[in-house]
Amino acid sequence: MVTIRCREFTFPNIQAVIFDKDGTLEDSEDYIRNIGQKRSRIIDAQIPGIGDPLLMAFGINEGKLDPTGLLAVGSRRECEIAAAAYIAETGRGWLESLAIARRAFEEADLVMQKFTPSPLFVGSLEVLKFLSDAGLKLGILSASNTSRVQAFVKHHELSDYIQLQMGVDEGISKPDPALFLQACQRLGVEPNATLMVGDSAGDIQMARNAGAAGCIGICWGKPQAAHLKSADVAIAQLDEIQIDK
């Protein structure tokens, strides 16, 4: 066990650190915004007039991504259901609406495959290596599906440091604390010896309600972000996470 220090806070007896992916390790804002816009355009091509309301529902306003919006914090399934709800308002049946949304999301995925994968935030790799070398178990728990988490780890060659690659596929999603408990179980650690590092209130609420040892919020470049006020401490870059010798 080690003691983690982060600004004025210390977290003793830590065995593991679980990270969110998007907005925490991966600088994916452009990707998330682009895929939300692509999904909206594809659906709008079939149902004219629905594109702009969908963008607002996804949390894209004037081309900017809301860090508290659906795309930024929700799972793929939640986004599909939200899109289907807007489609259903046009008079279509629910099953048809879900099918239209799912096909649009799949088409958008194919288009976005042509783009370069999102980069790691600068310094993330070094922090993961530093924490792993200290004997901590590290995991990723993302609202993205598990296949995207695995692709992220593979692309950035993080498998030497990351013992858990976990996303949301079906069923429960963030901020359900059961997700954090499942992640801890798979890592073989207790929640009260595990830190959560994430960029959303959902990450913090999930870990807090699961009895985590602590919650570190991150908003790259601006730790004063209001949506992280419930974290024990908010940071502007990952290398603010240190180990007390």
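Every number in this text was worked out from the coordinates using simple rules, so none of it is lab data. For clarity, every value in this text was computed on a predicted model and none was experimentally measured. All Cβ positions, glycine included, derive from the backbone under ideal geometry; neighbour counts span all protein chains shown.
Results, tabulated for the structure shown:
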quantity: On Cα atoms only, tilt of 146-155 relative to the major axis of the chain in degrees; calculated: 60
quantity: Value of D in µm² per second that Stokes-Einstein yields for the chain, Kirkwood Rh from Cα pairs, at 25 °C (0.890 mPa s); calculated: 133
quantity: Residue of Ala212, Ala85, Ala143 that the Gaussian network model of the chain assigns the largest fluctuation, springs spanning Cα pairs under 10 Å; calculated: Ala85
quantity: Intensity falloff of the range 143-197 expressed as log10 I(q)/I(0), Debye formula with alpha-carbon point scatterers, at q = 0.13, 0.15, 0.19, 0.20 Å⁻¹; calculated: -0.34, -0.45, -0.72, -0.80
quantity: FRET efficiency for Asp30 and Glu126, using Cβ-Cβ distance with R0 set to 22 Å, rounded to 0.05; calculated: 0.45
quantity: 0 to 90° range, to nearest 10: angle between helix 124-133 axis and the chain longest Cα axis; calculated: 40
quantity: Cα-derived Rg to Rh of the range 104-245, Kirkwood definition; calculated: 0.96
quantity: Kirkwood estimate for the range 37-161, i.e. one over the average of 1/r between Cα atoms, Å; calculated: 16.5
quantity: Within-12-Å neighbourhood charge of Lys64 [Cβ basis; K, R +1; D, E -1]; calculated: -3
quantity: In degrees, nearest ten, helix 76-88 long axis to first principal axis of the chain (Cα); calculated: 20
quantity: Among Glu26, Glu170, Glu190, residue whose mean-square fluctuation peaks in a GNM of the chain (springs only between Cα atoms under 10 Å); calculated: Glu170
